[in-house]
Structure formats: C-alpha cells, structure tokens
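Worksheet for the structure shown next.
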Amino acid sequence: AQTVTQSQPEMSVQEAETVTLSCTYDTSESDYYLFWYKQPPSRQMILVIRQEAYKQQNATENRFSVNFQKAAKSFSLKISDSQLGDAAMYFCAYRSAVHNQAGTALIFGKGTTLSVSS
Amino acid sequence: GAVVSQHPSRVICKSGTSVKIECRSLDFQATTMFWYRQFPKQSLMLMATSNEGSKATYEQGVEKDKFLINHASLTLSTLTVTSAHPEDSSFYICSLVRQGLSYNEQFFGPGTRLTVL
C-alpha cells in the first residue's frame with residue numbers, strides 16, 4: 001500500500017520569505033501523481049500544484065514550486081514570497097495512475113500547518 | 001471551474017438519530033465520488049468510494065451499515081450516518097473526479113461539520 005509522510009506538523013515563515021514543506025512517499029508503482037493541497041480555515045480543499053511522476057521537470061505555479069526526487073521518493077513544496085493568505089494547512093497527496101484514475105482516491109499525508117507572520 | 005456542493009454545511013443532531021449529507025456535482029457528471037472524514041487538525045481519511053449504480057466500496061474499519069452511501073445519479077451521492085454517536089462528530093468531505101480531460105482533476109466539496117450531542 002502507498003503511504004505519504006509529512007514530518008513537519010507545523011512551520012512558520014515571515015512575509016516575503018521562502019519556506020519549504022517536506023513530503024516523502026512510499027510506493028512500488030512507477031506511474032502516479034503527486035499533489036499539494038491547501039486547506040485554509042474555511043476547510044475548502046484547494047489544489048496548489050500537481051506533478052506527474054513520468055515528468056522529470058519540476059512543476060511550478062507562480063510562487064509555488066516543487067522539488068520532485070523520484071528515486072528518493074521525495075516531493076517538497078517551496079513557497080516563495082510568502083503572503084499572509086498562504087497561512088493554512090498543507091497536505092501532500094498521492095494518486096495512482098496505474099488503474100482507472102477516476103476510481104482511484106487520493107492518499108493524504110498528515111498535513112503541515114503553515115503560519116505566516118508580518 | 002467545476003463546482004461541488006454539500007448540504008448541509010453543518011448539522012447538530014442528538015445521539016441515536018440519523019443524518020443525511022448530500023454531495024452534488026453542479027457542472028459535470030461523476031461516475032465516482034469519494035467520501036472523506038477529517039477530525040480537527042488531522043488529515044483526510046478516505047471512508048468509501050461511491051460508484052453510480054453500484055454498491056460503495058468501504059475502507060477497512062469503516063462500518064458500511066453505519067455509514068450508508070447511495071450514489072443515486074451521476075450528479076448526486078449521499079452519505080447517511082445512522083444512529084449517530086458523539087464519536088461520529090467530524091468534518092465530512094466529498095470529492096469527485098472530472099473525466100474527459102487530459103488530466104482527471106479531483107474536486108472537493110466544502111465539507112459538512114457534524115456535531116452529535
């Protein structure tokens with residue numbers, strides 16, 4: 001079975017600074033997707049960024065980028081120029097791409113609570 | 001973008017009663033919906049996978065007779081918590097996958113906060 005591990009329960013960063021959230025995963029599959037989701041106090045899950053395992057290039061979405069190390073099974077999220085609105089709980093998630101994707105659920109890590117100070 | 005709605009957003013009920021939570025896809029048809037449960041400051045735990053027109057698949061440790069799932073149509077799935085107890089108090093989130101695109105993106109409902117007294 002696949003597992004996702006986030007070893008940082010809490011992180012903090014100052015506005016305009018950069019912070020990196022860690023995530024490791026375990027799988028025997030070769031084809032999968034990795035995601036970072038943001039859950040603000042409203043509890044609505046928001047997709048931040050995704051990475052296809054077959055792609056070597058790290059995904060980037062504006063101030064958010066990932067460092068995907070497939071061999072090491074590591075998938076960290078870097079937030080640049082942090083803003084107050086980035087404060088939230090961040091979840092790393094895995095989804096198999098081997099089988100029918102529509103029928104395959106996300107597997108989440110335990111989450112990292114990010115606080116941003118001014 | 002796609003929108004997923006959940007109703008009610010929050011509910012308070014007495015112990016022993018049943019509560020139904022609806023999850024609707026407003027923009028597209030979903031053959032599969034997922035139900036997650038999230039306790040305070042914890043992660044989302046998959047409870048079951050709901051398939052339109054067939055029985056739901058439950059994760060290990062989730063009582064199928066207690067958490068009844070009905071995927072009545074391609075846009076509606078319901079989760080009924082039967083004989084609710086205080087330990088069932090949690091945040092319930094539905095999720096579904098939009099097919100047909102190059103990437104099957106997963107969308108989440110806003111969640112339902114259940115409090116059992």
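The values are calculated or read from the model by the stated rules, or taken from the named source; none is laboratory data. None of the values given here were measured: they were computed from a predicted structure. When we count neighbours, we look across all protein chains shown, and the Cβ atoms used for this are built from the backbone with ideal geometry, even at glycine. For the accessible areas, the whole protein counts, side chains as well, though only heavy atoms, and no ligand, DNA or RNA atoms are used. Shrake-Rupley method; radii C 1.70, N 1.55, O 1.52, S 1.80 Å.
In this structure chain A gives 48 Å² per residue of accessible area when probed at 1.4 Å with all protein chains present. Averaging 1/r over each pair of different alpha-carbon atoms in the protein assembly as shown and inverting the result gives 18.4 Å, the Kirkwood hydrodynamic radius. Ligands, DNA and RNA are left out, and with a 1.4 angstrom probe the accessible area of region B:3-74 is 58 Å² per residue. Within chain B, the ratio Rg/Rh, alpha carbon atoms throughout and Rh by Kirkwood, equals 0.96. Just the protein heavy atoms count here, and of the accessible area of the protein assembly as shown at 1.4 Å, carbon and sulfur take up 47 percent.
The B-A contact accounts for approximately 1800 Å² of buried accessible area, totalled over both chains at a 1.4 Å probe radius. 3J(HN,Hα) couplings calculated from phi for region B:86-98 with the Karplus curve 6.51 cos²θ - 1.76 cosθ + 1.60 (θ = phi - 60°) are, in sequence order, x, 6, 7, 4, 5, 10, 10, 10, 9, 8, 9, 10, 8 Hz; Gly and Pro show x.
Working ranking of peptides A:28-34, A:62-68, A:44-50 by packing, defined as the average number of other Cβ atoms within 10 Å per residue, highest first, is A:44-50, A:62-68, A:28-34.
Taking a quarter of the surface of the Cα convex hull of region A:32-106 gives a mean projected area of 5.5 nm².
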